[in-house]
Amino acid sequence: LRLGGDMLSAQFDTILISEVKINRDERIRKEIRREAVASLAESISRVGLLHPIVLRRDSVLIAGETRLTACKSLGWTHIPFQYFDNIEPDQLLSVELEENVKRSDLTWQEQCDALAKYHALKLRTEEGWTQEKTAEALGMSVGHVTNHLNVAKELASGNKRVGSALKLSTAIGVARRGIERKKADQLATINLSLSDDEDDGALAEDTVPLETPILNVDFVDWAETYSGAPFNLIHCDFPYGINADEFAQGAAKSFGGYDDSPETYWKLVDALLKNRYGLMGQSAHIIFWFSMQHYGETLARLQKHFWVDPYPLVWQKSDNRGVIPDPNRGPRRIYETAFLASHGDRKIISAKSNAFAAPTSRLGEHMSEKNVEALKHFMGMVADGGTRLLDPTCGSGSALRAGRDLGVASVLGLEINPEFCEMAARAWRDA
Ligand SMILES: C[S@@+](CC[C@H](N)C(=O)[O-])C[C@H]1O[C@@H](n2cnc3c(N)ncnc32)[C@H](O)[C@@H]1O
């Protein structure tokens, strides 16, 4: 008899491994993962076999094929077992769930659910149960169990993004990012309430409900005094600082121009950076549109305080509209660029392509409207039902409408020009 010395944690009957019968037709799960066997064998050689395999009276295996294979690989000749009809009802359920976790005819959602139920049952019925023990029992790594449990939790709470993932690996990524974002939000709220405890009402007061999202203010002044709830997505489309109000083939002013001097641009950038904690709490995303003329310095300034993806997002104007600054030397410029940045290493929700083609649009009076579909594509990477969106220079309000379409929790747009404010409010009502 070789059981690996005193490797058994409890007393069970043993059977010659060669006598165990595996009925392939009855066993729905056909595949045994080699890594699972190796990791289980390693654990068994360290701490022993914690769970006997389960057999029918005629020695046909009902549960524990991975364990059997692992013990065989360690050179064991015998293995502890229990008869199926001797098992307590609780244990029976656990055997069934244990099998479900691995059945290849179940969806990944059903497998996750089975794993979560198995773990919960064990926590309830066996003292000192841990995720490590679930991992051992199911022949998985502990990380895998944690990931399954996280996904199952999100599924149970109705998280549609997780539920609609095609593969478990995608769902795990979505759930992990969601959990990190929630933690970051909780931290931001705690920090804010600690620093703001004299002014109880301030948390909610300044967050503007979805019906009235546009204020006619100067962002630079407003940012200095803002003390409301932090935003976790800032869509920045400042004037680019390239004097577009003066060139643009003379048409800019008649299409709703605004001051586009470098001074205005850098003043707005400074206001954002200086007031970042008041505006964003501990963590937020920023989508920051910029002109390639200021690429280097803008990136350097943002990188001092934020994580910045150096590959900009690109909106390609599919109607080919753009300017030709110098027809003798260069092409027509038909794309616009934005940085995706994050404050406090906030995670995205789902990865998207970093370029998107869509035509220019013009509500009428504003010279640099962004296409709402393009904004939805890019903002969809970071916006969900927990998003509080701020657009500090909202112009015609296209980012606010994109946010609404994406189902964000709240939006706030600021705009210095009262006519643009009205235009944005009209578009908000009519869209
Ligand atoms: C590039 S445009 C924004 C376009 C907008 N994303 C859209 O899709 O319609 C910049 C806007 O910033 C506004 N603006 C300039 N300085 C401002 C300030 N200090 N505070 C608030 N808005 C400002 C301008 O009036 C202009 O409408």
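Annotations for the structure displayed:
- Number of residues in region 103-141 that are closer than 18 Å to Leu40 by Cα and in a loop (DSSP other than H, G, I, E, B) equals 5.
- Exclusive hit being more than 17 Å from Ala244 (Cα to Cα), charged (D, E, K, R) and touching a Gly at 6+ places or on another chain (Cβ under 8 Å), set Asp345, Asp391: Asp391
- All positions within region 417-431 that are over 30 Å from Ile349 (Cβ atoms) and surrounded by fewer than 17 Cβ atoms within 10 Å (Cβ to Cβ): Pro418, Glu419, Glu422, Arg426
- Scanning region 266-311 for residues that are closer than 19 Å to Glu224 by Cα, hydrophobic (A, V, I, L, M, F, W, C) and surrounded by fewer than 17 Cβ atoms within 10 Å (Cβ to Cβ) gives Trp266, Leu273.
- Filtered residues of region 265-318 (kept if among the polar types (S, T, N, Q) and part of a loop (DSSP other than H, G, I, E, B)): Asn275, Gln282, Ser283, Ser291, Ser318
- Pairs where the first residue, in region 215-227, is under 14 Å from Phe420 (Cα atoms) and the second is more than 8 Å from the ligand (Cβ to nearest atom), C-beta under 8 Å, 6+ apart: Leu215/Val208; Leu215/Leu412; Leu215/Gly413; Leu215/Cys421; Asn216/Pro418; Asn216/Cys421
- Test: residue in region 146-159 that is free of Cβ contacts under 8 Å to residues at least 40 places away in the same chain, more than 16 Å from the chain's Cα centre (by Cα) and closer than 21 Å to Gly48 by Cα: no
- Residue list for region 373-386, filter: in contact (Cβ under 8 Å) with a residue 40 or more places away in the chain and either touching a Ser or Thr at 6+ places or on another chain (Cβ under 8 Å) or among the hydrophobic types (A, V, I, L, M, F, W, C) (or both): Ala374, Leu375, Phe378, Met379, Met381, Val382, Ala383
- Count - residues of region 276-305 that are within 25 Å of Arg181 (Cβ to Cβ) and away from the ligand (no atom under 13 Å from the Cβ): 16
- Test: residue in region 322-329 that is buried (at least 19 other Cβ atoms within 10 Å of the Cβ), away from the ligand (no atom under 16 Å from the Cβ) and farther than 27 Å from Glu422 by Cα: no
Just so you know, all these numbers are worked out from the coordinates, no wet-lab data involved. All values reported here derive from a predicted model rather than from experimental measurement. With ideal geometry, Cβ positions are generated from the backbone for all residues, glycine too; neighbour counts draw on all protein chains shown.
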